[in-house]
Amino acid sequence: MLARPFRRTEGKCGDDKSELMFVSIVYRIARVCQERSCAHARLENTRSGGEDSRWESISCNPICYTKVSYARKIFAGRRRIAREIEPKRRRGKTCMNTRDQIEETLKWKLEDIYATEALWEADYAAAQAQVAFFSSHAGKLAVSADALFAALCDDSSIWQLVERVYTYAHLHKDEDNGSAKYQGMTDRAMQLYVSAQAASSFLDPEILTIPEDTLLGWASEERFSRFRFRIADVDRRRAHTLSTEEERLLAMAQEPLSGADNIFTMLTDVDLDYGSIVNESGETVKLTHGSYNMFLVSPDRRVRKDAYETFYKAYRGMKNTLNATYATSVKGDVFQARAHRFAGALEAALHGNGVPVAVYEQLIEAVHEMLPVLKKYLGIRKRVLGVDQLEMYDLYVPITEDGDIDMPYESAKALVKEALKPLGAEYQQLLDKSYAEGWIDVYETPGKTSGAFCAETYGTHPYVLLNFQGKMDDAFTLGHELGHAMHSHYSATAQPFETSHYRILAAEVASTVNETLMTHHLLKGEADRVKRAYYITQFLESFRTTCFRQTMFAEFELKAHRMAESGEPLTVESLSQMYRALNELYYDGAHVDDNIAIEWMRIPHFYNAFYVYQYATGLCSAVKLADDILQGGAVERYINFLKSGGSDYPIEELKAAGVDLNKKESILASLRVFAQYVDELDALMQ
């Protein structure tokens, strides 16, 4: 059983550190799982290399995937696919009201979770008692179907309570992170979570001690219907599960095996000095991850160049250390895969979500076929910027006039609702409910968590946090978060708790479908050339950074791991030459210099191997689904996808919706939409 994703913090700024506070917490949770049930957790820091941050557990230990996923699910939630073009200067609302000055209709209603804090305390106490009792199931699961059923029911009950307790406390804390009261309640909820994780860590390993025929026979009983998918998923890992003693030995090795990620984080986030540059105003300023991304969108090309060259100079000075760190991570992945009898590290990473290797490989093949279109897009950028040679530091500066018009909240609501009409009357009614019934916390207030996210807890409606600033981009954020909210609502109402928790491969589809429909809607009714160019460029940049760039990352990871698997040394020279060649392939039309050749040294996602392909497949799936919806006849399939939750593997759920990621054509269909918009932008920018 996977706990419902709790939170999603927007990571627009490519090097956002807004959730670094969660690193140590989730790391501690993973350690509990490692020590008590042989888990392998890949926990990624939240500072990204131009993409969003995330907390996916791609475990090489098939026993523990489900349990470690709690950490990822409760903390990560629905993360917006980051757009590297969006560390931009916002010019929206600047005055900030206090929370009591905000109208009640513009704040979420947490009393829908608990009407009083006394009820929260009662559930907290009940959860503590259930956690304390749960260990009594250990060693008894194989005795009978009744024993297994009782343990699974108690496990489900515990996690429903933990989810509600944690969500209520943390959402109150999100209203004002300076509140000592809610900091304390959140800490208590976290301690409850850790205790529940530890108490139930024996469950999946012990299920695998039951003979397969016996286990599947019990699971066929009607009373097990809500647990059937979980049992089948656990049983699927049987071939890659070692003996108890072997798993215990591997568990003892987890901390040193996962140490490379921590070294990378400490080096790049704490110890590394990125130097200083002179900004547009003539002031000398320190470079940081965040300011670097801001400087990349500067209209002053000298500033962009200085930031780019100074930033990579810092990495070049630590190239041998960073190379050794990444090589260690790759070798750890290979070791884990071999230890658990996988054909390779890629197979091990994809196993948890039931993804065939062909999906990964065909994504790369499909993107390769459309690289001439990306080259054309880069040519448009070069022409509009009027430069003799398009440099890597020219890839993020806007090439259109600012079409980011003012957008009051009421107008944003109307725009989202109108753009999403193709999804049908029921979806429209749910949007009305979300606006009127306390689903959304709209405006920025002192101490409020920044960015945007959607939070859910089974049995109540979803919650959306915004920091609405009154610009068009805020309208897209609203539409995006409501995509997550509707996915969660449909899933929770159609599925029992045990199968309502969808996985990361499907998580961004619903939100990106909404954004894509909004883009199509705006373009359908827009005659102004400046605004059309603006909307199209926003879409194309999202596609470039989320599909093309992430696929290039995915290809680099695959090549690096296969080098290690074949015994080739992973050196600064070999990895940089390979990464440079990939940039020359993907960014034909731009100048690939010595700095971009070492960019691989700064990407934290590479310490969570074979993760980023999901961002590309998610975007492509959403674009194809949106196109199918607009063509007619796909709405029912799409709503059924939203309702499917975690009742099957994401590949199968998307296939039923009309996106077969086993076939290259599904990726190519979305890439053809990219090509159509490139052609239109070319005409508009003549």
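The values are calculated or read from the model by the stated rules, or taken from the named source; none is laboratory data. Bear in mind that the values here come from a model prediction, so they are computed numbers and not experimental data. Cβ atoms come from the backbone with ideal geometry, glycine included; neighbour counts cover every protein chain shown.
Below, the figures for the structure above:
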| read-out | value |
| --- | --- |
| Verdict on E369 being more than 17 Å from L558 (Cβ to Cβ), in contact with a His (Cβ under 7 Å, 6 or more places away or on another chain) and in contact (Cβ under 8 Å) with a residue 12 or more places away in the chain | no |
| Every residue from segment 598-611 that is crowded, with 22+ Cβ neighbours inside 10 Å and among the hydrophobic types (A, V, I, L, M, F, W, C) | W600, M601, F606, A609, F610 |
| Test: A239 is hydrophobic (A, V, I, L, M, F, W, C), modelled with pLDDT of 95 or more, more than 25 Å from the chain's Cα centre (by Cα) and more than 20 Å from V162 (Cβ to Cβ) | no |
| Condition met for N514 (more than 21 Å from R228 (Cα to Cα) and part of a loop (DSSP other than H, G, I, E, B)) | no |
| Segment 268-290, subset part of a loop (DSSP other than H, G, I, E, B) and out of contact with any helix residue (DSSP H, G or I) (no Cβ under 9 Å at 6 or more places or on another chain), residue surrounded by the most Cβ atoms within 10 Å (Cβ to Cβ) | T288 |
| Residue match in segment 573-581 (condition: hydroxyl-bearing (S, T, Y) and buried (at least 22 other Cβ atoms within 10 Å of the Cβ)) | yes |
| Qualifying residue in segment 440-451 (condition: under 16 Å from S491 (Cα atoms) and part of a loop (DSSP other than H, G, I, E, B)) | no |
| Candidate set from segment 105-136 (those that are touching a Leu at 6+ places or on another chain (Cβ under 8 Å) and within 30 Å of P205 (Cβ to Cβ)); member that is surrounded by the most Cβ atoms within 10 Å (Cβ to Cβ) | A127 |
| Members of segment 132-176 found to be basic (K, R) and in a loop (DSSP other than H, G, I, E, B), listed by number | K140 |
| Condition check for T477: assigned to a loop (DSSP other than H, G, I, E, B), at pLDDT 95 or above and β-branched (V, I, T) | no |
| Residue that is at pLDDT below 95, surrounded by fewer than 18 Cβ atoms within 10 Å (Cβ to Cβ) and either in contact with a Pro (Cβ under 8 Å, 6 or more places away or on another chain) or farther than 19 Å from D679 by Cβ (or both), where the choices are E401, E365 | E401 |
| Answer residue from segment 659-686, given it is within 16 Å of L505 (Cβ to Cβ) and free of Cβ contacts under 8 Å to residues at least 40 places away in the same chain and is surrounded by the fewest Cβ atoms within 10 Å (Cβ to Cβ) among those | D660 |
| So E255, is it over 19 Å from A314 (Cα atoms) and modelled with pLDDT under 95 | yes |
| From the options L374, L385, residue that is crowded, with 18+ Cβ neighbours inside 10 Å and modelled with pLDDT of 95 or more | L374 |
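Matching residues to (1) crowded, with 18+ Cβ neighbours inside 10 Å; (2) under 30 Å from A115 (Cβ atoms); (3) more than 25 Å from the chain's Cα centre (by Cα):
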position	(1), (2), (3)
C153	no, yes, yes
E163	yes, yes, no
Y166	yes, yes, no
A169	yes, yes, no
N177	no, yes, no
P205	yes, no, yes
E212	no, no, yes
